[in-house]
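A.B. asks: One structure, as structure tokens, below. Some questions next.
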Amino acid sequence: MDQIGFNVVLVEPEIPPNTGNVGRLCLATKSRLHLVKPLGFSLEDRQLKRAGLDYWEDVDLKVWESLQLALIGAKRSGCRCFLIFGRETKGLPESLLAANKPGCITIPMEDARSLNLATAVGIVLFEAIRQQHLQRTGVE
């Protein structure tokens with residue numbers, strides 16, 4: 001698979017349809033999906049596969065025992081850009097956010113406290129693709 005260079009990391013995802021939708025986003029953008037255990041569902045879950053449609057089997061998927069192992073393994077394979085998202089109910093650990101504060105991105109929201117995980121991934125992933133295209137071509 002030709003890689004754009006983006007790696008979407010879901011840390012301890014809990015809701016199968018969100019992960020299935022993110023899988024489709026990754027396939028559509030030639031991005032790799034990394035899932036960090038523990039998962040709140042089985043990879044055989046019918047809701048996961050339903051949300052991923054018939055694309056799920058084609059998703060470039062890696063499953064990791066921990067975030068630390070995911071980052072080490074991805075770096076060893078030459079991956080450079082990671083978009084890391086926390087689980088639906090708790091987000092990312094405060095310690096991880098504090099240690100990476102300059103690289104953290106927030107999505108501006110007026111009157112909502114949160115967005116659906118797949119929606120948040122879509123916003124960030126497509127903005128990263130837009131910025132990458134702009135850097136390569138100088139054209140928006």
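A.B. asks: Restricting attention to the stretch 73-102, and to residues there that are open to solvent by less than 70 Å² (accessible area, probe 1.4 Å) and out of contact with any strand residue (DSSP E or B) (no Cβ under 9 Å at 6 or more places or on another chain), which single residue is nearest to Leu27 (Cα to Cα)?
C.D. replies: Checked the stretch 73-102; the qualifying residue nearest to Leu27 (Cα to Cα) is Gly78.
A.B. asks: Consider the stretch 91-140. How many of its residues are among the β-branched types (Val, Ile, Thr), part of a helix (DSSP H, G or I) and either more than 19 Å from the chain's Cα centre (by Cα) or over 21 Å from Leu33 (Cα atoms) (or both)?
C.D. replies: Count: 1.
A.B. asks: Could you count how many residues in the stretch 120-140 are open to solvent by less than 70 Å² (accessible area, probe 1.4 Å), out of contact with any Ser or Thr (no Cβ under 7 Å at 6 or more places or on another chain) and under 16 Å from Gly23 (Cα atoms)?
C.D. replies: So the count comes out to 4.
The values are calculated or read from the model by the stated rules, or taken from the named source; none is laboratory data. On a predicted model such as this, the values are computed, not experimentally measured, just so you know. Virtual Cβ from ideal backbone geometry, glycine too; neighbours counted across all protein chains shown. Surface accessibility is based on the protein's heavy atoms, side chains included, excluding ligands, DNA and RNA. Shrake-Rupley method; radii C 1.70, N 1.55, O 1.52, S 1.80 Å.
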